[in-house]
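Comments concern the structure below.
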Amino acid sequence: MSKHVMECLGLSRVTIEDGKVVDVTEPKVKYCPLFDQVRGIKELNKDTVRENIEYRMKTFGMCCENRQTEMDNFLSFGISEILCLALKNKKIEAAVIAADGCGTAVIRNPCIVQGMGGRISGIRETEPIPKVIEAIGPENVIDPDTAKIDMVEGVCLAYDKGMHKVAVTTASVEDAWVMRDMFGSDLIIMGVHTSGMTEKQAEDAFELFDVITACASKSIRDMYHRSPEKYLAAGSKVPVYGITDQGKELIMDKLKELGREPYDGSTPEKPPYPLI
């Protein structure tokens, strides 16, 4: 039996077994402007979450044996899109991400970063999918037999391979502390899946992360609005914040590619609701 568990679409917890959605919990966030824009979803509930997950399974094989591993950009501006451009520009040598079918992996191919990371969120549990392991290379997966998720171990693998400029995505402030202590400021830490962070976690996040996605997090937005002049913001719906110089540089590279300017607060924000 193949089992995958994700937290997505408003922190709904979705369980997929053998290519079928077997459980969906009620989302904590009821509206996301990005899902409204991209898929026309006006309300997040168990039914619309299930429909969207089944749509992803059908269109690109998410959590299924026929998983598509390479894709073009999905959003104009997201963490995977920033990582893709950073790889293309050789600002980083590898991205350490977690995805369905592989768990934590070290990826150098921008199209695979986008394919595996661009249209999923909050992967909590997964099992190996042979097609995915083969596409990434078992030597680039921390445990190809179990598809374990461990971002610290993934960064260690990247450095063990002789890489010097590495970016990692993580939702864990605790893991970020460990990685900063181990690898210092050269490691680029991208904070993802931040909905539901406590105020203390958000404060730590702004100390540890180079880039942070706001998701539906009230505490992350509050931290940004305390001193917006210190940071670089991109987007008004689900913004991405550049915290450090190297984080701001990666975001500016993407903004320049799109011909866009940083968010300056002159137009109203259009956040998800409720913020949590």
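Tabulated results
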item	result
Proxy reagent accessibility, fewest Cβ within 10 Å first, across Tyr241, Tyr159	Tyr159, Tyr241
Sum of side-chain charges, Met197 neighbourhood, beta-carbon under 14 Å (Lys, Arg +1; Asp, Glu -1)	-4
Prolate/oblate/rounded label for segment 69-258 (Cα gyration tensor, a/c 1.5)	prolate
Whole-Å distance, taken between Cα centres, linking segment 216-276 and segment 71-137	22 Å
Residues of type lysines that Lys218 reaches as a straight line, Cα spacing below 21 Å, ignoring anything fewer than 8 places off in the same chain	Lys28, Lys30, Lys42, Lys200, Lys230, Lys237, Lys270
The chain, dipole about Cα centre (Lys/Arg Cβ +1, Asp/Glu Cβ -1), debye to the nearest 20	800 debye
Distance in nm between pseudo-label sites at His164 and Asp264 (7 Å out along the Cβ direction from Cα)	3.8 nm
Antiparallel bridge percentage (DSSP; both residues within segment 69-258; nearest 5)	55 percent
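None of the figures in this text is laboratory data; all of them are computed from the coordinates on show. Because the structure is a prediction, the values reported are computed rather than measured. Methodologically, a virtual Cβ is constructed for each residue, glycine included, from the backbone with ideal geometry; neighbour enumeration extends over all protein chains shown.
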